[in-house]
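A.B. asks: Here you go, one structure.
The values are calculated or read from the model by the stated rules, or taken from the named source; none is laboratory data. Since the structure is predicted, the reported quantities are computational estimates derived from the model, not experimental observations. Glycine also receives a Cβ, built like all others from the backbone with ideal geometry; neighbour counts cover every protein chain displayed. Just so you know, the surface numbers come from the protein's heavy atoms only, side chains and all, with ligands and any DNA or RNA stripped out. Shrake-Rupley method; radii C 1.70, N 1.55, O 1.52, S 1.80 Å.
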Amino acid sequence: MNSLKLTKLNLLLAGIIAFSLISCSPSYIQNFTKNENLNIKSLNVFYHTFTKAVYKTTLKVMGREMSGILLIKKTNNQEFRFVFMSEIGLKYFDLGITNPGKNPDYKNYYLMSVFNRGEFKKVLFDNFNTLSTEIEIDSNFTSYSNLGNKSLAVRENNTKEKTTYLTINETVENIYWKSPYAGKSNISISKYENNIPQNIEINNKKYGVKIICKQLEKK
Amino acid sequence: VKIENVIDLNNAIKENSEKVFSIKSDFIQQKNLSMLEETLESTGNFLYKKENMVKWHYSSPFEYTIVVANGKFQINNEGKISEFDLNSNEMFRQINSMIVTAISGNFINNPNFKVEFYENNEFYKAKLIPKETVVADMLSAISIFFDKDNFNVQKVKFLEPGEDFTLITFINRKQNTDVKLKDFNIN
């Protein structure tokens, strides 16, 4: 009798644990299983040799839409600059990030006053920081793979600002990050040519920010 | 060199701008980001019809058209058309006002700008310094370069706070040709 109770209890506990595991996994890695044999050492969107890229860009924020050109440039002092301007040359913002990663230095070179309100600037900086970061895959990350190991995922452990990278052939295809103050962002990256992504799409639903970039030229 | 006695020049520019009823021109736009040592170039053609009808058609690096006419601001962005009421958007209204002012040369006695004149061998330069905060936040000055022979606007330079600027050079400029209302169709 006791043995039967124990078995039922075990089944119940196993069920709860399994449910917890499934429900804790975000949808984008629910088809993935942990795989400790992956040999990914680092991941980046912009390769070491990257100098600059120019994108035709649409920015949607709080129901307003602006289009123009986004220049992403890595300067000689390793600063990533993100300059967005309208087709007629009017500059909307010019933001710089040095030391991208966990402790970045943000510099606001220019932000048109109409944008300099609320959390918009912070959302821009944080997303651009995530794009610029080269991450070293160490014990702080858990690796996952799906069937056939075609897609891989690495996910930070035990951090409030959790970032998950989805990769195919070690090129980053999606980045999901969330933080207590900035909500969740999804960055989709596709069509790499010469190690530069042709398309980048950033989506932060909490602050209604969407940025769609399509590359114009590459150097 | 700064010109101190501007009465004759003022009169000549004003007289010429009053004669301009339409402009048809190609243009080269160079966006200069000085700290980044980058220049981004766009090209296209431009139409102006008195009083306030303006069309910018960019053909490179991508197709993009802006039409400002009848109090409306229309954009054709690779086939996607959007429209704004000019008065509902202070920023667009100011930008358009600046563009029309600069291109038509019609800035004499405009209370929104402080004007200074300069000259070299080739051009007269009018430097417009905006007084309104909305404009001054975006632009520190607008420099308009006039041909010394006929007082036509050859170049316009929009200077931003800092050292960045946008230079628009007009080429193949034709004045007072037959520019029709239908030419301002956004499609």
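A.B. asks: With point charges of +1 on the Cβ of Lys and Arg and -1 on the Cβ of Asp and Glu, referenced to the Cα centre of chain A, which listed residue (A:Ser190, A:Asn35, A:Ile135) lies farthest in the positive direction of the dipole?
C.D. replies: Towards the positive end, the residue furthest out is A:Ser190.
A.B. asks: I'd like the accessible area for B:His57, computed on protein heavy atoms only with a 1.4 Å probe and all protein chains in place. Round to 10 Å², please.
C.D. replies: Near enough 40 Å² of accessible area.
A.B. asks: Compute for chains B and A the buried accessible surface, both sides summed, probe 1.4 Å, and express it in Å² to the nearest 100.
C.D. replies: Roughly 2300 Å².
A.B. asks: Which value, in debye to the nearest 20, describes the size of the charge dipole of the protein assembly as shown about its Cα centre when Lys and Arg Cβ atoms bear +1, Asp and Glu Cβ atoms bear -1, and nothing else is charged?
C.D. replies: Value, rounded to 20: 1300 debye.
A.B. asks: May I have the convex hull volume per residue, in Å³, for the Cα set of segment B:65-187?
C.D. replies: Spelled out: Cα convex hull of segment B:65-187, divided by residues, is 140 Å³.
A.B. asks: Let me ask something additional. Carbon and sulfur: what percent of segment B:100-187's accessible surface (1.4 Å probe)?
C.D. replies: 46 percent
A.B. asks: Moving on to the next point. Compute the long axis of helix B:90-104 from its Cα atoms, compare it with the longest principal axis of the Cα atoms of chain B, and write down the angle in degrees, 0 to 90, nearest 10.
C.D. replies: 60 degrees
A.B. asks: For chain A, give the magnitude of the charge dipole about the Cα centre (Cβ charges: +1 Lys/Arg, -1 Asp/Glu; no others), in debye to the nearest 20.
C.D. replies: Charge dipole, chain A, about its Cα centre: 540 debye, nearest 20.
A.B. asks: OK, next. Using helices alone, I'd like the mean residue ellipticity at 222 nm for the protein assembly as shown: each DSSP H run of four-plus residues gives -39500 (n - 2.57), total over residue count, nearest 500.
C.D. replies: -5500 deg cm²/dmol
A.B. asks: Identify which of A:Lys56, A:Lys122, A:Lys150 has the largest mean-square fluctuation in a Gaussian network model of chain A, with springs joining Cα atoms closer than 10 Å.
C.D. replies: So, out of A:Lys56, A:Lys122, A:Lys150, the one fluctuating most is A:Lys150.
A.B. asks: Relative to the first principal axis of the alpha-carbon coordinates of chain B, what is the inclination of helix B:7-19, with its axis defined by its Cα atoms, in degrees from 0 to 90 and to the nearest 10?
C.D. replies: 30 degrees
A.B. asks: Moving to a separate point now. Tell me which aspartates and glutamates have Cα within less than 19 Å of B:Lys2's Cα, excluding those fewer than 8 residues away on the same chain?
C.D. replies: Reachable aspartates and glutamates: B:Glu116, B:Glu119, B:Glu122, B:Asp147, B:Asp149.
A.B. asks: Could you state the per residue volume, in Å³, of the convex hull enclosing the Cα atoms of segment B:126-187?
C.D. replies: 151 Å³
A.B. asks: Computed FRET efficiency, Cβ-Cβ of A:Lys205 and B:Ile28, R0 45 Å: what is it to the nearest 0.05?
C.D. replies: Rounded to the nearest 0.05, the efficiency is 0.65.
A.B. asks: Among B:Pro130, B:Asn11, B:Tyr64, which residue has its Cα positioned farthest towards the positive end of the charge dipole of chain B, with +1 placed on the Cβ of Lys and Arg, -1 on the Cβ of Asp and Glu, and the dipole taken about the Cα centre?
C.D. replies: B:Asn11
A.B. asks: Among the GluC sites (Glu not before Pro) in segment B:35-72, which ones are in a DSSP loop with at most 10 other Cβ atoms within 10 Å of the Cβ? Mind listing them?
C.D. replies: B:Glu37, B:Glu51
A.B. asks: Taking every alpha carbon pair in the protein assembly as shown, what does the distance histogram look like in 20 angstrom bins from 0, in percent?
C.D. replies: With 20 Å bins starting at 0, P(r) equals 23, 45, 22, 7, 2, 0.
A.B. asks: With springs connecting C-alpha atoms under 10 Å apart, model chain A as a Gaussian network and identify which of A:Leu90, A:Leu70, A:Leu111 has the largest mean-square fluctuation.
C.D. replies: A:Leu90
A.B. asks: In addition: Report, as an integer, the average count of C-beta atoms from other chains found within 10 Å of each Cβ along B:159-168.
C.D. replies: For peptide B:159-168, the averaged partner shielding equals 3.
A.B. asks: Which aspartates and glutamates, on any chain, are close to A:Lys214 with Cα under 12 Å apart, when same-chain ones fewer than 8 places away are left out?
C.D. replies: A:Glu201
A.B. asks: Just the number: Rg to Rh for chain A, Cα atoms, Kirkwood Rh, two decimals.
C.D. replies: That ratio equals 1.07.
A.B. asks: Dipole of segment B:1-69, Cα-centred, from +1 at each Lys and Arg C-beta and -1 at each Asp and Glu C-beta, to the nearest 20 debye?
C.D. replies: Here the size comes out at about 320 debye.
A.B. asks: Treating each Cα of segment B:1-75 as an identical point scatterer and ignoring solvent, apply the Debye formula and state log10 I(q)/I(0) at q = 0.16, 0.23 Å⁻¹.
C.D. replies: -0.83, -0.98
A.B. asks: Are any of the pairs A:Lys102/A:Lys162; A:Lys74/A:Lys191; A:Lys160/A:Lys205; A:Lys107/B:Lys125 more than 23 Å apart by Cα-Cα distance, and if so, which?
C.D. replies: The pairs that break the limit, which is 23 Å between Cα atoms, are A:Lys107/B:Lys125.
A.B. asks: Might you tell me the accessible area per residue for chain B, computed with a 1.4 Å probe and given in Å²?
C.D. replies: 49 Å²
A.B. asks: Probe radius 1.4 Å, ligands and nucleic acids ignored: give me the carbon and sulfur share of the accessible area of chain A as a rounded percent.
C.D. replies: The nonpolar share, carbon plus sulfur, comes to 51 percent.
A.B. asks: Also, I was wondering about something else. Where only protein heavy atoms count, and the probe is 1.4 Å, what is the accessible area per residue for chain A in Å²?
C.D. replies: 54 Å²
A.B. asks: Next question. Just want the answer: with Cβ charges of +1 for Lys and Arg and -1 for Asp and Glu, which residue in B:Ile75, B:Ala102, B:Thr177 is farthest toward the dipole's positive end in segment B:75-187?
C.D. replies: B:Thr177
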